[in-house]
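I have placed the structure first, in the form of structure tokens, so that the comments after it can refer back to it.
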Amino acid sequence: LAMAHGGPFTSGHRSHQTGLDADIWFRMANQPISIWEQDAPKEWALIDEPSYRVLPGRFGPQQLNLLRLAASKPEVARIFINPVLKAEVCKRAPDEPWVAKLRPWVGHFSHFHVRLRCPAGSPDCQPQAPIPPGNGCGAELASWLKDKPQLPKVSMAYHKPRLPARCGG
């Protein structure tokens, strides 16, 4: 979700600094994800990166229901999901109102990213721009699928950002 007292992670996840972002794995199991599984996300990927296709048997009714439950919550502003999975949702539930909250984004091969709305009375919280009209299954999604975006190769070197004074930085 975020660091215990807010602020940046030591690598990646720049958006997970305010308590408004969470990653949710698509993996369905009756036990927590082990440390080994956390370090091996490709083992739980739903998408084959080279072919940019859903792996057989990896995205089914349970994963669709998980997305529906998350996106139907009024506290959720949007969900970032791999474009290939958004296309699967568009095939299976195109007329559902919650589908518009699913926004295509790079990565997210084994999880989705939930962005919550700003809590009431939070003057420093900047709300997300409104979601465009429609379900997001048209031209915007087609452009993501055509371009097959991948995560950029970035250095894992940690550069501590300058924090606001109220954070002690």
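The values are calculated or read from the model by the stated rules, or taken from the named source; none is laboratory data. Computed from a predicted structure; not experimentally measured. Here the Cβ positions follow ideal geometry from the backbone for every residue, glycine too, while neighbour counts run over all protein chains shown. Note: areas computed on protein heavy atoms with side chains; ligands, DNA, RNA excluded. Shrake-Rupley method; radii C 1.70, N 1.55, O 1.52, S 1.80 Å.
Observations on the model:
- The heavy atoms of Arg92 present about 110 square angstrom of accessible area, all protein chains included, probe 1.4 Å.
- Measuring with a 1.4 angstrom probe and ignoring ligands and nucleic acids, Cys137 comes out at about 40 Å² accessible.
- When all protein chains stay in place and ligands, DNA and RNA are ignored, the 1.4 Å accessible-area order of Asp21, Asp95, Asp124, Asp48, largest first, is Asp95, Asp124, Asp48, Asp21.
- Per residue, the Cα convex hull of segment 71-136 amounts to 94 Å³.
- Summing Lys and Arg as +1 and Asp and Glu as -1 over all other residues whose Cβ lies under 15 Å from the Cβ of Gln62 gives a net charge of +3.
- At an R0 of 45 angstrom, the distance between the Cβ atoms of Asn30 and Ala129 translates into a FRET efficiency of 0.70.
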